[in-house]
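The structure appears below as structure tokens.
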Amino acid sequence: MVGAMLEKAHGRRVALRYRIAPDGSTGPRFTDAVGELAPDGPDGVIVHTRSGPVRVDRDAVVAVREVPPAPARRASRAAVARLERLRSAAWPAPVRREHGGWLLRSAGGWSKRANSALALADPGSTVAGALAAVTRFAEEHGIEPLVQAPVGSPWSNRVLEEGWAVRADPGECLVLVAAIDDVLPPGTAAADLPPEPPAAWWSVFGEPVPAPGSMARAVLVPEPGPGGPLLGFGTTVSETGGTTGAVSAAIVADHVYVARLQVRESHRRRGIGATLMRDALAWARTRGARHATLDVTADNAPARALYAHDGWTEHHRYHYLAPPR
């Protein structure tokens, strides 16, 4: 019974009670661990608690129940704004316009991040006036009017009060962070990632190689310039020579933004994603990056559990806001 409940609870936040002393012994016989549950081979599980991972033998578990998600430890507004600006520079829209503390971005509709207004500070006008500017900018560039804002931030709240609503797709997104030295296995060899994605890299996503001047290339492979990202594109290859996975990495200041981590469905659950992540982080570390960041949607429980297992932590959340239809 308990074993079946453990299997169902993988990737979820649980309260797990387990035996720490045999029957008849003095002192406490049981203790509890609360956190996200992950498997650890056939004989154990790991509970990722606030204070660190706790490994428990499956035979020692006496009870497990799902509990609500813990409130995220909030980063300061200044820390959130700095990280979002770094991430925006690592995923640069070719058209950018400042509106006070908001950054209006357009990339012809290629990706929500590059086609939304990043709201991090006072827009220098009323919020209604700022939203009108966002709408005019969107009409000018033929894109949907969207605002990207940290969840619970003053500007998210003000936009919601103006009648705009959270886009269900993708819903809440988590920004995860890690110190590279904490999540990269010791002795990992430095990877050599090319600065432009080869044709095989695009094929992993089922996309044709974009033409020069296309918006996809403008975002992923921007022209070099002051403050621009240092780029690397990784792939993995099967024994038969086929490309099985891809990842992009962009360094801005001392951070690397890891994105577009994708493994072909036919080759998943073989450690290819972990290999791509190691390559991206090792490449970035040799080029001066000390911190890493990535995105994962709130409803992607398996990926969240995997990243938590590897030592990534939540920094903040963001969402996209759109006007009422």
Next item on the list: With the condition kept exactly as written, say whether any residue in the stretch 244-258 is under 13 Å from residue 203 (Cβ atoms), open to solvent by less than 20 Å² (accessible area, probe 1.4 Å) and touching a Pro at 6+ places or on another chain (Cβ under 9 Å).
Entry: yes
Check: For the stretch 226-277, which residues satisfy the criterion of being of a type in the set (Asp, Glu) and either modelled with pLDDT of 95 or more or under 18 Å from residue 312 (Cα atoms) (or both)?
Finding: 254
Item checked: Hits in the stretch 215-236 (condition: without any contact (Cβ under 8 Å) to a residue 12 or more places away in the chain and loosely packed, with under 14 Cβ neighbours inside 10 Å) -> 223, 224, 225, 226
Checklist line | From 174, 184, residue being at pLDDT 95 or above and under 30 Å from residue 314 (Cβ atoms) | finding: 174
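For (1) touching a residue at least 24 places away in the same chain (Cβ under 8 Å); (2) open to solvent by 70 Å² or more (accessible area, probe 1.4 Å), each residue gets a yes or a no:
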site	(1), (2)
162	yes, yes
166	yes, no
171	yes, no
177	yes, no
186	no, yes
189	yes, yes
195	yes, yes
198	yes, no
Check: From the list 77, 55, 50, which one is more than 17 Å from residue 11 (Cα to Cα) and not small (Gly, Ala, Ser)?
Finding: 77
Next item on the list: Grab the helices (runs of 4 or more DSSP H) fully contained in the stretch 173-287, keeping just those with 2 or more residues being touching a strand residue (DSSP E or B) at 6+ places or on another chain (Cβ under 6 Å) and at negative phi.
Entry: 199-203, 272-285
Note to self: Name the residue that is farthest from residue 218 (Cα to Cα), counting only residues in the stretch 272-302 that are open to solvent by 40 Å² or more (accessible area, probe 1.4 Å) and among the small types (Gly, Ala, Ser).
What the structure shows: 274
Next item on the list: Determine whether residue 142 is within 18 Å of residue 160 (Cβ to Cβ) and of a type outside the set (Lys, Arg).
Entry: no
Margin query: Condition first: part of a loop (DSSP other than H, G, I, E, B) and at pLDDT 95 or above. Now tell me which residues in the stretch 313-325 satisfy that.
Written below: 323
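Counting only residues that are in contact (Cβ under 8 Å) with a residue 40 or more places away in the chain and either among the aromatic types (Phe, Trp, Tyr) or outside any helix (DSSP H, G or I) (or both), how many does the stretch 107-119 have?
Filtering the stretch 107-119 down to residues in contact (Cβ under 8 Å) with a residue 40 or more places away in the chain leaves 107-112, 114, 116, 119.
Restricting the remaining residues to those that are either among the aromatic types (Phe, Trp, Tyr) or outside any helix (DSSP H, G or I) (or both) gives 107-112, 116, 119.
Selection size over the stretch 107-119: 8.
The values are calculated or read from the model by the stated rules, or taken from the named source; none is laboratory data. On a predicted model such as this, the values are computed, not experimentally measured, just so you know. Reconstructed Cβ throughout: ideal geometry from the backbone, glycine too, with neighbour counts over all protein chains shown. Keep in mind that these areas ignore ligands, DNA and RNA; they rest on the heavy atoms of the full protein, side chains included. Shrake-Rupley method; radii C 1.70, N 1.55, O 1.52, S 1.80 Å.
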